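To start, the structure itself, in structure tokens.
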Amino acid sequence: MVKKNKIAKLGQQDWIDLGLKVLEESGIEAVRVEPLAKLLGVTKGSFYWHFKNREEFLEAILQAWVSQQTDSIIEQVEAMGGDAVTKLLHLFELAIEDDGRVENAIRAWAAHDSRIAAILNQVDSRRLNYTKNLFLSVGFTPFEAVVRARMVYYSLIGEFTLGTRSNREERLTEIRLQHKILTRRE
């Protein structure tokens with residue numbers, strides 16, 4: 001009876017969340033139906049209730065990441081409002097809330113899958129364009145806006161690659177200084 005209740009409550013998002021966690025911890029090759037079912041304490045049939053196959057599941061995981069780490073962040077920045085300088089600060093602060101582990105796993109996956117690489121390229125472009133447009137709104141020239149957007153974005157991706165510090169206050173202090181430097185007009 002307990003297992004039936006557990007299965008009844010298990011939804012597609014539970015599978016996606018676990019898939020993201022396993023991707024983060026062990027890479028794309030570890031994101032397999034049977035081991036995930038075992039971790040959830042259910043049969044593989046539960047998986048197939050929610051997904052046609054592993055490919056559909058991996059697509060759902062990727063889309064969840066895009067939604068959480070790009071769409072949602074842009075929506076949050078826009079919802080907070082303010083001028084472009086304020087939005088940039090919000091963007092920078094939201095971006096450092098992530099430890100980058102899923103980002104790194106997605107990038108490693110993309111290194112071996114051209115379809116994922118193409119989607120990652122779209123994500124990178126969307127993030128950079130959004131940031132660049134904010135710098136344009138501050139009043140920088142197109143070239144200056146692109147350079148500033150790349151500086152902050154590449155810095156963040158580099159920090160993810162090297163491993164982020166666990167001290168949140170230190171990260172906030174640094175990102176606020178980066179914001180001050182990058183938004184300063186001569």
**OP:** Give the number of residues within the range 57-90 that are touching a helix residue (DSSP H, G or I) at 6+ places or on another chain (Cβ under 8 Å), open to solvent by 20 Å² or more (accessible area, probe 1.4 Å), more than 22 Å from V31 (Cα to Cα) and of a type in the set (A, V, I, L, M).
**Re:** 5
**OP:** Report yes if N129 is open to solvent by less than 90 Å² (accessible area, probe 1.4 Å) and either touching a Pro at 6+ places or on another chain (Cβ under 9 Å) or not in a loop (DSSP other than H, G, I, E, B) (or both), otherwise no.
**Re:** yes
Original post:
Among the listed residues R32, R54, R101, which satisfies the condition of being open to solvent by 40 Å² or more (accessible area, probe 1.4 Å), touching a residue at least 40 places away in the same chain (Cβ under 8 Å) and of a type outside the set (A, V, I, L, M, F, W, C)?
Top reply: R101
Original post:
In this structure, does V85 turn out to be in contact with a Ser or Thr (Cβ under 6 Å, 6 or more places away or on another chain) and closer than 16 Å to Y154 by Cα?
Top reply: no
Original post:
Is there any pair with a first residue in the range 133-155 that is at pLDDT 95 or above and a second that is surrounded by 14 or more Cβ atoms within 10 Å (Cβ to Cβ) and among the polar types (S, T, N, Q) whose Cβ atoms are under 6 Å apart and which are 6 or more apart or on different chains, and what are they?
Top reply: V138/T183; A149/T131
**OP:** Output the number of the condition that E169 fails; it satisfies all remaining conditions of (1) under 23 Å from L23 (Cβ atoms); (2) open to solvent by 30 Å² or more (accessible area, probe 1.4 Å); (3) modelled with pLDDT under 95; (4) assigned to a helix (DSSP H, G or I).
**Re:** (1)
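The values are calculated or read from the model by the stated rules, or taken from the named source; none is laboratory data. Note that the coordinates shown come from a computational prediction; the quantities given were computed from them, not determined experimentally. No Cβ is skipped: glycine too gets one built from the backbone with ideal geometry, and neighbour counts run over all protein chains shown. Accessible surface is based on the protein model in full, side chains and every heavy atom, while ligands, DNA and RNA are left aside. Shrake-Rupley method; radii C 1.70, N 1.55, O 1.52, S 1.80 Å.
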